[in-house]
Amino acid sequence: FTEVKNAIETFTTNLKPRVEKKRKTSTIKPIFEQKIHKHFDREQCHIVIGKAAFKTNDKEDLHLKMLTAHLSGQSSELFVEVRDRQGLCYAVQPLHHAALEGGYFGIYIGAGHDKKESAIKAIKDILNKLAKDGLTNEEFNRIKIMIDGQNLLNVQTIEDYANFYSISVLHDLGLDYQHKTLAQINKIKVTEFNNFLKKFLTPNWNIVTVGP
């Protein structure tokens, strides 16, 4: 560590400190309950059911990280129910992005144009069920294990390691931001998470479709 530290300081000693600038709050208002279609001459239809979400440091964003983990992967209810059981799409996955001033959350579906409405209904049914019933303790605890494992995977290569730490530093969130985030997630209780689902998964989704 001492050798690496000395080597880095050789290159950074003469760098000027970053000038701190006061960030301006965005005045853009998010949209809700909008249906937007873009014509695209293909057999497939690309669908996103989503809405505006929270900025990086909000606790609600941690809840969305957990929800995204729950809905990810080939064993998730999203994949098993919509793709495998009902055969309504060839691809389905959650989308979650958080930035300094806001973010978004949603579900992407790639489907045949003739199954578009059925796929949208199936996704909404899953989201409504989550809002109504929430998760069991077993499902909730599994999310924490998944996120912990994903964080370990995120630092397997030098490039991954650099991204894991440097992006949060560049955003003035601190070198240990990722570790603090994991610690905060581990403190969240299942009742708190289910209350969030009930509030956030209200039926005010935007639906964007691209296809015939």
Item to complete: Check LYS121 against each of (1) closer than 29 Å to HIS39 by Cα; (2) in contact with a strand residue (DSSP E or B) (Cβ under 8 Å, 6 or more places away or on another chain); (3) of a type in the set (Lys, Arg) and name the one condition it does not meet.
Response: (2)
Worksheet entry | Any pair with Cβ under 7 angstrom, 6 or more apart, that starts in the stretch 168-190 at a residue that is open to solvent by 100 Å² or more (accessible area, probe 1.4 Å) and ends at one that is among the hydrophobic types (A, V, I, L, M, F, W, C) | LEU175/VAL169
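Can you name the residue in the stretch 94-109 that is surrounded by 17 or more Cβ atoms within 10 Å (Cβ to Cβ) and within 18 Å of HIS46 (Cα to Cα) and is also nearest to the chain's Cα centre (by Cα) among such residues?
Within the stretch 94-109, the match that is nearest to the chain's Cα centre (by Cα) is HIS96.
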Item to complete: Consider only pairs whose beta carbons are under 7 Å apart and that are at least six residues apart or on different chains; among these, list those whose first residue lies in the stretch 136-158 and is closer than 14 Å to GLU192 by Cα and in contact (Cβ under 8 Å) with a residue 24 or more places away in the chain and whose second residue is of a type in the set (Val, Ile, Thr) and open to solvent by less than 60 Å² (accessible area, probe 1.4 Å).
Response: ASN137/VAL190; PHE140/VAL190
Practice prompt. Please go through the stretch 11-46 and pick out each residue that is among the aromatic types (Phe, Trp, Tyr) and exposed (fewer than 10 other Cβ atoms within 10 Å of the Cβ).
Written response: PHE11
Discussion item. Here is a list: LYS129, LYS144, LYS124. Which entry is surrounded by 12 or more Cβ atoms within 10 Å (Cβ to Cβ), in contact with a Pro (Cβ under 8 Å, 6 or more places away or on another chain) and not polar (S, T, N, Q)?
Written reply: LYS124
Worksheet item: Can you find a residue in the stretch 153-160 that is under 18 Å from the mean Cα position of the chain (by Cα) and at pLDDT 90 or above?
Response: no
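Could you grab me the full set of residues in the stretch 86-123 that are small (Gly, Ala, Ser) and without any contact (Cβ under 8 Å) to a residue 40 or more places away in the chain?
Those that are small (Gly, Ala, Ser) and without any contact (Cβ under 8 Å) to a residue 40 or more places away in the chain: GLY87, ALA91, SER118.
The values are calculated or read from the model by the stated rules, or taken from the named source; none is laboratory data. Just so it is clear, the model here is predicted, and its values are computed rather than measured. Note that each Cβ is placed from the backbone with ideal geometry, even for glycine, and that neighbours are counted across all protein chains shown. Note: accessible area is taken over every heavy atom of the protein model, side chains too, but ligands, DNA and RNA are not part of it. Shrake-Rupley method; radii C 1.70, N 1.55, O 1.52, S 1.80 Å.
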